[in-house]
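Step one of this worksheet: look at the structure below.
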Amino acid sequence: MKKYAAEMVGTFWLVLGGCGSAVLAAAFPGLGIGLLGVALAFGLTVLTMAFAIGHISGCHLNPAVSVGLWAGGRFPGRELLPYIVAQVAGAVVAGGVLYVIASGKAGFDAGAGFAANGYGAHSPGGYSLAAALVCEVVMTAMFLVVILGATDERAPKGFAPIAIGLCLTLIHLISIPVTNTSVNPARSTGVALFAGGWAIQQLWAFWVAPIAGALLGAGVYRAIGEGAQR
């Protein structure tokens, strides 16, 4: 149970830190952190939690990562559902805490965005559903390649959290304009439930595409990494 609790706490931090930076700090007058700051915030949540709970649960913080690690032969299938439940629970609690904080400002409207992921009219850059799906699949696939590679027993020891955190930062720098960046169904669910309406209607895409991308990334790494010698 400690592993599941760790995943819940870690995912809570990812959503509160990453989505919180987008909702509360991205456009703050005169001092807003912008796209770069939000991207860095997401990377820092993973980096900090990897050091804090990596030795407890592996620090997945993401249903797609858990699926990809299972497909990559690094994670037992019997623990997949409990991990996903814990991750989604942590994300929803974080979404609730963020909602309470954000709603303390006059004029707050969760339906206006609340860091939710979207496509079409709800894409930050107006990108289509097809573009959003391709982006999420490819970004998640590359995320899994980095995760599987950085945590390979042949990789340099102790640097995996840095590589994974920086990879997530880079993913956000690329894809915030397209979908507001998911690559994580729990992160998407945690804020969509409070944004409501369109965010819930479009949520399916941010479960399907990241999981498909995770499976693709696991397949790619198994093809290039298994049996390879340094």
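Structure values in brief
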read-out: Per residue Cα convex hull volume in Å³ - calculated over region 131-230; value: 95 Å³
read-out: In Å², nearest 10: area of Leu129 left accessible to a 1.4 Å probe; value: 60 Å²
read-out: Among Ala199, Ala209, Ala27: highest mean-square fluctuation, GNM of the chain, C-alpha pairs under 10 Å; value: Ala27
read-out: Order of exposure, largest accessible area first, which applies to Arg78, Arg187, Arg154, Arg222 with probe 1.4 Å; value: Arg78, Arg222, Arg154, Arg187
read-out: Equivalent ellipsoid, region 84-168 (semi-axes from 5 times Cα gyration tensor eigenvalues, Å); value: 31, 20, 11
read-out: Per-selection metrics, region 83-127 (Cα): Rg and Dmax in Å; value: 13.1, 37
read-out: The chain, accessible area per residue, ligands and nucleic acids excluded (1.4 Å, Å²); value: 44 Å²
read-out: As computed over the chain, the Cα convex hull volume per residue (Å³); value: 112 Å³
read-out: Size of charge dipole - the chain - debye, nearest 20, with Cβ of Lys, Arg +1 and Asp, Glu -1, no other charges; value: 340 debye
read-out: Per-selection Rg to Rh, region 38-106 - Cα, Kirkwood hydrodynamic radius; value: 1.06
read-out: Highest-fluctuation residue, Ala64, Ala26, Ala132 considered, GNM on the chain with Cα pairs under 10 Å; value: Ala26
read-out: Surface share of carbon and sulfur [accessible, 1.4 angstrom probe, percent] for the chain; value: 72 percent
read-out: Probe 1.4 Å, all protein chains present, accessible-area order of His55, His172, His122, largest first; value: His55, His122, His172
read-out: Interatomic Cα distance distribution for region 12-61, bins of 10 angstrom, percent; value: 29, 44, 21, 6, 0
read-out: Expected 222 nm ellipticity per residue - DSSP helices of 4 or more, -39500 (n - 2.57), all of the chain, to 500; value: -22500 deg cm²/dmol
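The values are calculated or read from the model by the stated rules, or taken from the named source; none is laboratory data. These figures come from a predicted structure and were not determined experimentally. So basically every Cβ, Gly included, is an ideal-geometry build from the backbone, and we count neighbours across all protein chains shown. What goes into the accessible areas is simple: the full protein's heavy atoms, side chains included, and nothing from ligands, DNA or RNA. Shrake-Rupley method; radii C 1.70, N 1.55, O 1.52, S 1.80 Å.
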